[in-house]
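This report concerns only the one structure given below.
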Amino acid sequence: MSTPGRFITAEGIDGAGKTTHLDAGEAWLRAQGHAVLRSREPGGTALAEALRELVLHRPMDALTEALLVFAARRDHLQQVIEPALAAGTWVLCDRFTDATFAYQGHGRGFDAGVLSTLEGWVQQGRQPDLTLWFDADPAVAAARRAAVRAADRFEAEDLAFFHRVRSGYALRASEAPTRFVRIDAGGSPEAVRHAVLSALESHAATR
Ligand code: TYD
């Protein structure tokens with residue numbers, strides 16, 4: 001039986017730049033000889049990608065939003081993440097449950113206790129081994145987003161929403177300090193890349 005893979009997630013407010021830096025992280029892990037599966041949430045399976053389209057573009061209340069992201073997550077975990085980890089593949093996932101606590105919990109003001117219950121049901125104890133939190137100032141991230149793409153339902157929210165989301169991430173990070181590594185996403189691209197690779201290197205050296 002192979003050694004299980006590691007589950008690594010990337011988090012942060014929209015426009016923090018995590019997707020670009022995940023490319024470098026993936027390349028580094030592959031160069032170390034790891035099999036890597038890159039995925040994202042909501043998404044990662046045909047069903048979850050269909051749910052993503054709804055969540056990002058259809059009006060709905062916060063409970064519906066929370067139920068849909070967890071439904072997408074359940075399918076993604078069962079169909080993709082758990083089998084990959086069991087086969088020894090490292091999973092690099094753009095967002096996971098910390099985003100639900102940050103966006104639906106803090107951003108929308110939805111009940112964190114209900115989110116914890118759903119987390120327990122859906123994940124059955126599964127948590128990321130490492131979470132790279134790309135922490136950026138909401139005004140800087142908004143300017144980056146405006147330069148590159150049209151806004152979805154979340155990206156269209158105001159600065160106050162993203163301040164709340166950021167504080168949601170800060171709270172999750174304080175609750176799981178060994179899992180989270182905070183990356184200062186306001187730094188130069190080289191500095192951010194260096195921080196990402198050194199976090200991966202330190203993590204890969206554990207266990
Ligand atoms: P994102 O991952 O930033 O993709 P892209 O770079 O293509 O825009 O977009 C996903 C959006 O979904 C983001 O605004 C955060 C939101 N989201 C939630 O609100 N809750 C969740 O649980 C997840 C996973 C994402």
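The values are calculated or read from the model by the stated rules, or taken from the named source; none is laboratory data. Everything quoted here is computed from the prediction, not taken from an experiment. Cβ placement follows ideal geometry from the backbone for every residue including glycine, while neighbour counts extend to all protein chains displayed. The accessibility values were calculated without ligands, DNA or RNA, using every heavy atom of the protein model including side chains. Shrake-Rupley method; radii C 1.70, N 1.55, O 1.52, S 1.80 Å.
Here segment 73-205 is treated with +1 on each Lys and Arg Cβ and -1 on each Asp and Glu Cβ, and its dipole about the Cα centre works out to around 140 debye. Based on Cα contacts under 8 Å between residues 6+ apart, segment 110-207 shows a relative contact order of 39 percent.
Each Cα pair under 8 Å and six or more residues apart adds its separation to the average, and for the chain the resulting relative contact order is 32 percent.
Here is the list for segment 58-154: trypsin sites (Lys or Arg not before Pro) lying in DSSP coil, each with at most 12 other C-beta atoms within 10 angstrom of its C-beta, are ARG149. Per Stokes-Einstein, at 25 °C and 0.890 mPa s, what whole-number D in µm² s⁻¹ belongs to the chain, with the Kirkwood radius over Cα pairs as the hydrodynamic radius? In µm²/s, the coefficient is 142.
Between the listed residues LEU77, GLY5, PHE96, the Cα displaced farthest toward the positive end of the dipole of the chain, a dipole computed from Cβ unit charges relative to the Cα centre, is found at GLY5.
Taking the alpha-carbon centroid of each part, what is the distance from segment 124-154 to segment 12-55 in angstrom? Centre-to-centre (Cα) distance: 12 Å. The local environment of ALA195, defined by Cβ-Cβ distances under 13 Å, has a net charge of -1 under the rule Lys, Arg +1 and Asp, Glu -1. With protein chains left intact and a 1.4 Å probe, residues in segment 13-123 average 41 Å² of accessible area per residue.
Each helix, a run of at least 4 DSSP H residues, gives -39500 (n - 2.57); summed and divided by the residues of the chain, these come to -15500 deg cm²/dmol at 222 nm. Based on the convex hull around the alpha carbon atoms, segment 122-182 presents an average projected area of 5.3 nm².
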